[in-house]
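Undergrad: Got a structure for you, written out below as structure tokens; questions coming shortly.
Since every read-out is calculated from the coordinates, none of them should be taken as a lab result. Here the structure is a predicted model, which means the values were calculated and not measured. Glycine gets a Cβ as well: all are built from the backbone with ideal geometry, and neighbour counts include every protein chain shown.
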Amino acid sequence: MKRISRRMIFLIVLMAVLALGIGFFTVRYFVRAGEWVVFPGSPHVYSGSNLSSGTVTDRKGVLLLDSTDGRAYSQDAELRKATMHLLGDRFGYISAPILNDYADELVGFSAVNGLYHLGDVSSQAVLTIDANVQKAAQAALAGRKGTIGVYNYKTGEILCAVTSPTYDPDNMPDVENDTTGAYDGVYLNRFFQTTYAPGSIFKLVTSIAALETMPDALTRTFYCEGQCRIGGDTVHCNGVHGTIDLRWALANSCNVAFAQLATALGPEVLEEYAQRLGVTASLKFDGITTAKGNFDLTDAAESEIAWSGIGQYADLVNPCQYMTLMGVIAGGGQAAEPHIMSKVQGTMLSGYEAKTKLTDVLLDAAACDTLADMMHNNVVSMYGAWQFPNLYVCAKSGTAELGPTETPHATFAGFIRDETYPLAFIVIVEHGGSGSATCAPIAGQVLNACVQALGG
């Protein structure tokens with residue numbers, strides 16, 4: 001009898017272990033099955049490194065990619081070039097994390113039905129970008145290395161995310177044997193994956209820190225005679241500005257004024273604002289993780305603090321993240337987080353539709369309004385409002401010094417204050433020289449294309 005009881009206990013334990021194992025597998029299956037089936041390289045849904053299902057269009061239904069039978073790009077060669085870094089190329093040299101992130105929706109997978117419509121009518125992914133804006137931005141760069149981004153700071157939709165150099169995925173050049181340098185860095189998406197010295201566009205961070213922490217920020221004056229000595233180093237300016245306040249220091253991009261302002265703020269305040277505004281963090285959305293910027297004043301000398309507040313020293317920003325920061329200022333301290341996948345039109349059992357997500361409230365609304373007014377003054381008094389017809393543009397240019405023998409990077413960032421066209425933007429042209437001379441006209445072309453795309 002005792003032997004039977006022991007066998008019964010053993011059987012019960014065995015059945016319990018079996019039940020637990022089945023339960024564990026079932027839970028893990030429903031949680032991870034999608035990853036197992038659609039992992040990059042899966043022979044079920046990938047051909048090489050490319051997804052073998054689904055079509056991709058822009059926000060208006062313009063076909064960008066058809067993967068239902070091979071990999072067919074747009075018939076427009078310029079559009080193929082302008083979107084190649086978002087869609088990937090044929091050989092996997094350039095990946096498409098956006099499509100990979102929504103692979104289960106695109107191939108029609110569910111834990112219950114498996115790959116239930118692979119090979120039938122495929123799903124359609126709709127991106128937030130506009131095909132005509134992408135082409136306009138690519139044309140405006142005119143083959144120069146750099147990047148352009150525009151997004152709606154109310155909804156988070158990215159209308160433009162262009163990087164250069166690029167190439168036609170249907171007519172790939174011999175990149176590996178190129179000796180001209182025309183394709184240096186072509187495999188990188190400069191908008192998402194790289195960082196740049198910001199130059200004077202970073203003076204916006206220094207300005208907002210002063211507006212929020214210094215009661216006399218707007219009445220404080222600075223004296224510029226073309227240079228000043230700080231911590232044993234000479235800070236050179238781009239002109240002789242005499243006595244100016246913060247408003248005109250920003251308009252004239254006065255290095256002397258901002259060097260003095262940065263040292264008055266101190267490293268702790270500057271680092272606090274750089275971190276609060278996400279300069280040193282990554283953005284994560286739609287399978288994309290942007291590069292982290294840099295702002296580190298640990299053990300920095302007084303002169304290095306001055307240069308950092310100007311946007312030099314070791315400062316680095318990611319273009320997508322800094323564009324979002326422009327949206328935060330435009331939105332009065334809060335903005336929509338960016339996204340580039342609008343929706344995936346699947347079956348009744350699959351699909352996706354983006355929802356607007358807001359950042360935390362990062363800045364004081366009154367300080368943002370003041371800074372926006374100052375940035376609009378930049379456009380009216382320095383850059384030329386005629387470049388942005390009928391648009392209330394607020395912006396800051398930058399010239400990011402790289403070294404004594406290198407032409408600086410040109411930068412330009414800002415936003416439109418308009419309920420109809422709530423757009424924030426950034427333009428970076430590598431070795432482009434002056435941000436106002438090189439990038440402002442580009443921004444004008446691209447913003448005008450955005451207005452047309454939005455029905456203006």
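Undergrad: Counting only DSSP beta bridges with both residues in the range 164-320, tell me the antiparallel percent, nearest 5. Each step should come with its number before you reach the end.
TA: Numbers: 12 of 12 bridges.
Beta bridges within the range 164-320, antiparallel portion: roughly 100 percent.
Undergrad: A follow-up question, please. In whole Hz, what ³J(HN,Hα) sequence does the range 218-230 give by Karplus (6.51, -1.76, 1.60; θ = phi - 60°), x for Gly and Pro?
TA: 7, 9, 5, 10, 10, 10, 10, 10, x, 6, 8, 9, 9
Undergrad: Project the alpha carbons of the range 374-456 onto their principal axes and report the range along each, largest first, in whole Å.
TA: That gives 45, 25, 17 Å along the principal axes, largest extent first.
Undergrad: Rounded to whole Hz and in sequence order, give me ³J(HN,Hα) for the range 291-299 from the Karplus expression 6.51 cos²θ - 1.76 cosθ + 1.60, θ = phi - 60°, writing x for Gly and Pro.
TA: Karplus-based 3J(HN,Hα) across the range 291-299 equals 5, 7, x, 9, 7, 9, 10, 4, 6 Hz.
Undergrad: How large is the charge dipole for the range 285-411, taken about the Cα centre, if only the Cβ atoms of Lys, Arg (+1) and Asp, Glu (-1) carry charge, to the nearest 20 debye?
TA: The dipole magnitude comes to about 640 debye.
Undergrad: Given Cβ point charges of +1 (Lys, Arg) and -1 (Asp, Glu) and nothing else, what value in debye, to the nearest 20, does the dipole of the range 238-296 about its Cα centre take?
TA: On the way: 4 positive and 6 negative charges, 32 e Å.
Taking the Cα centre of the range 238-296 as origin, the dipole is about 160 debye.
Undergrad: Answer rounded, prolate or oblate for the range 313-367, using the Cα gyration tensor with square roots of eigenvalues a ≥ b ≥ c: rounded when a/c is under 1.5, else prolate when a/b is larger than b/c, else oblate.
TA: Details: a/c = 4.45, a/b = 1.93, b/c = 2.30.
Oblate, since a/c reaches 1.5 and b/c is not below a/b.
Undergrad: Take the alpha carbon atoms of the range 210-239, find their center, do the same for the range 398-453, and report the distance between the two centers in whole angstrom.
TA: The range 210-239 and the range 398-453 have Cα centres spaced 25 Å from each other.
Undergrad: While we're here: Using the per-residue mean of other Cβ atoms lying within 10 Å as a proxy for protection, in what order, highest first, do the peptides 424-432, 368-376, 400-408 fall? Walk me through the numbers before you get to the answer.
TA: Values: 424-432: 26.7, 368-376: 19.1, 400-408: 13.0.
Ranking, from highest mean packing down: 424-432, 368-376, 400-408.
Undergrad: For the range 185-304, report the translational diffusion coefficient in µm²/s to the nearest whole number, using Stokes-Einstein at 10 °C, 1.306 mPa s, and a Kirkwood Rh over Cα pairs. Numbers along the way, then the final one.
TA: Values: Rh = 15.8 Å.
Translational diffusion coefficient: 100 µm²/s.
Undergrad: Further question on the same structure: Over all directions, how big on average is the projection of the convex hull of the alpha-carbon atoms in the range 119-273, in square nanometres?
TA: On the way: hull surface 61.5 nm².
So the Cα hull casts an average projection of 15.4 nm².
Undergrad: Compute the FRET efficiency between residue 420 and residue 223 as 1/(1 + (r/R0)^6), taking r as their Cβ-Cβ distance and R0 = 45 Å, and round to the nearest 0.05. Write down the numbers at each step before the final one.
TA: Details: r = 42 Å, r/R0 = 0.94.
For residue 420 and residue 223, the calculated efficiency is 0.60.
Undergrad: A further question follows. Using amide H atoms built 1.01 Å from N in the peptide plane, name the residues 5+ places from residue 294, or on other chains, whose amide H lies under 5 Å from its own.
TA: Amide H neighbours of residue 294: 316, 317.
Undergrad: Tell me, in nm to one decimal, what length is gained between residue 431 and residue 91 on full extension, where the rule is 0.36 nm per residue of separation less the Cα-Cα distance? Working shown, then result.
TA: Numbers: separation 340, 0.36 × 340 = 122.40 nm, distance 2.99 nm.
Residue separation times 0.36 nm, minus the Cα-Cα distance, leaves 119.4 nm.
Undergrad: For the peptides 155-162, 132-139, 330-337, what is the packing order when you average, over each peptide's residues, the other Cβ atoms within 10 Å and list the highest mean first?
TA: Working: 155-162: 25.4, 132-139: 23.2, 330-337: 20.2.
The packing order, highest mean first, is 155-162, 132-139, 330-337.
Undergrad: Go through 271-278, 382-389 and give me the packing order, highest mean Cβ count within 10 Å leading.
TA: 271-278, 382-389
Undergrad: What pairs from 203/355; 145/396; 135/396 go past 29 Å between their alpha carbons?
TA: 203/355
Undergrad: In the range 262-368, if the dipole is taken from +1 on Lys/Arg beta carbons and -1 on Asp/Glu beta carbons about the Cα centre, which of 366, 285, 298 is farthest to the positive end?
TA: Highest projection toward the positive end goes to 285.
Undergrad: Can you check what the Kirkwood hydrodynamic radius comes to for the range 300-456, Cα pairs only, in Å to one decimal? Working shown, then result.
TA: Numbers: mean 1/r = 0.0580 Å⁻¹.
Averaging 1/r across every pair of different Cα atoms and inverting gives 17.2 Å.
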